[in-house]
1. Give the residues of segment 18-46 that are in contact (Cβ under 8 Å) with a residue 24 or more places away in the chain, surrounded by fewer than 18 Cβ atoms within 10 Å (Cβ to Cβ) and part of a helix (DSSP H, G or I), sorted by residue number.
2. Mind telling me which of the residues 30, 10 ends up being within 23 Å of residue 200 (Cα to Cα) and either under 18 Å from the mean Cα position of the chain (by Cα) or among the small types (Gly, Ala, Ser) (or both)?
3. Look through 200, 168 and report the one residue that is in contact (Cβ under 8 Å) with a residue 40 or more places away in the chain and within 25 Å of residue 77 (Cα to Cα).
4. Mind listing just one residue for me: the one in segment 206-219 that is more than 16 Å from the ligand (Cβ to nearest atom) and surrounded by 18 or more Cβ atoms within 10 Å (Cβ to Cβ) and, of those, farthest from residue 94 (Cα to Cα)?
5. Pull out all pairs, ordered by first then second residue, where Cβ-Cβ is under 6 Å, the residues are six or more apart or on different chains, the first lies in segment 134-150 and is touching a residue at least 60 places away in the same chain (Cβ under 8 Å) and closer than 17 Å to residue 194 by Cα, and the second is within 12 Å of the ligand (Cβ to nearest atom) and assigned to a strand (DSSP E or B).
6. Within segment 172-199, which residues are touching a His at 6+ places or on another chain (Cβ under 9 Å) and at pLDDT 95 or above?
7. Filter segment 114-163 down to residues that are of a type in the set (Lys, Arg) and within 18 Å of the chain's Cα centre (by Cα) and give me whichever is nearest to the ligand (Cβ to nearest atom).
Amino acid sequence: MKPLIGITCGQEQERLFITRYYGEAIQKAGGIPVLLPVTGDQRLFGDYEQLLDGLLLTGGDDLDPALFGEEPLRGLGPVDPERDFFELELCRRFAVSHKPVFGICRGMQVLNVAYGGTIYQDLLRQLPDSLEHRQKAPKNRVSHRVTVENSSLLRGLLKQSTLRVNSFHHQAVKDLGAGLKAVAVASDGVIEGIERENGFVLGVQWHPELLWQDHEEQERLFVAFVKAAGRIKKES
Ligand code: MN
């Protein structure tokens with residue numbers, strides 16, 4: 001069987017929400033996408049960790065600053081502590097079992113906090129000289145440039161040291177979590193990519209699921225993620 005990739009979702013009162021592009025990207029990359037409804041039932045966390053070969057942490061609302069020891073600042077958007085807890089706990093369990101994790105936008109921030117890092121709650125107020133990270137162009141268009149660290153997993157996949165990406169965020173990684181390194185940075189210094197030294201633990205601040213159709217280098221991120229999940233599956 002192909003690798004099973006869990007995809008996290010947002011939730012409203014009665015609905016789960018997730019854009020269709022994450023699942024399509026995983027499918028195209030050779031994986032089986034499995035949507036994970038937010039739950040507080042910790043018995044399920046272990047089941048998911050055993051069942052799944054990879055975890056895709058998706059975009060969404062802001063992270064609760066209490067998770068990294070801060071009071072809420074002005075400019076903080078809506079938060080969902082239940083979703084935060086679910087995703088952080090899954091992320092930590094996947095770290096222990098060395099299963100691949102790919103974090104996109106909010107997902108990269110979840111990854112950072114799971115490893116003990118912190119987040120800018122609102123770039124506009126905390127880094128007022130930063131670039132426009134909420135692009136007004138259509139979502140499948142690139143807007144700002146990032147520089148990618150040499151000899152990183154991300155550099156090997158993108159096969160270029162600088163490229164333009166899309167951008168829809170007002171929060172960003174501040175202090176890096178333990179064992180994570182910044183591997184892509186925007187020209188204003190905002191961290192746009194993080195990874196762990198070993199295995200496939202990668203986060204990007206942009207949205208490759210909206211770019212892969214027109215940008216081969218972005219498709220390679222999903223392909224490598226699913227391949228890494230496939231290797232774990234064979235080993236276990
Ligand atoms: Mn950006």
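1. The answer is 24, 28, 42, 45, 46.
2. Numbers: 10 fails: within 23 Å of residue 200 (Cα to Cα).
Answer to the check: 30.
3. Values: 200 fails: within 25 Å of residue 77 (Cα to Cα).
That would be 168, the only listed residue that is in contact (Cβ under 8 Å) with a residue 40 or more places away in the chain and within 25 Å of residue 77 (Cα to Cα).
4. First, the residues of segment 206-219 that are more than 16 Å from the ligand (Cβ to nearest atom): 212-214, 216-217, 219.
Of the ones still in play, those that are also surrounded by 18 or more Cβ atoms within 10 Å (Cβ to Cβ) are 212, 219.
Working: 212: 25, 219: 23 Å.
Step by step, filter segment 206-219, then rank; the result is 212.
5. So the pair list comes out as 146/165; 146/184; 146/186; 146/192.
6. Of all residues in segment 172-199, those touching a His at 6+ places or on another chain (Cβ under 9 Å) come to 172, 186-188, 190, 192, 198-199.
172, 186, 187, 188, 190, 192, listed by residue number.
7. Narrowing segment 114-163 to residues of a type in the set (Lys, Arg): 125, 134, 136, 139, 141, 145, 155, 159.
With the extra rule that they be within 18 Å of the chain's Cα centre (by Cα), the set shrinks to 134, 139, 155.
Details: 134: 9, 139: 13, 155: 18 Å.
Per the stated criteria, the residue is 134.
Conditions tested, residue by residue: (1) within 21 Å of residue 117 (Cβ to Cβ); (2) in contact with a strand residue (DSSP E or B) (Cβ under 6 Å, 6 or more places away or on another chain); (3) free of Cβ contacts under 8 Å to residues at least 24 places away in the same chain.
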{"position": "164", "(1), (2), (3)": "no, yes, yes"}
{"position": "186", "(1), (2), (3)": "yes, yes, no"}
{"position": "193", "(1), (2), (3)": "yes, yes, no"}
{"position": "206", "(1), (2), (3)": "yes, yes, no"}
{"position": "213", "(1), (2), (3)": "no, no, no"}
{"position": "220", "(1), (2), (3)": "no, no, no"}
{"position": "229", "(1), (2), (3)": "no, yes, no"}
{"position": "232", "(1), (2), (3)": "no, no, no"}
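The values are calculated or read from the model by the stated rules, or taken from the named source; none is laboratory data. Just so it is clear, the structure is predicted and the values come from calculations on it, not from any experiment. Neighbour counts run over all protein chains shown; Cβ positions are idealised from the backbone, glycine included.
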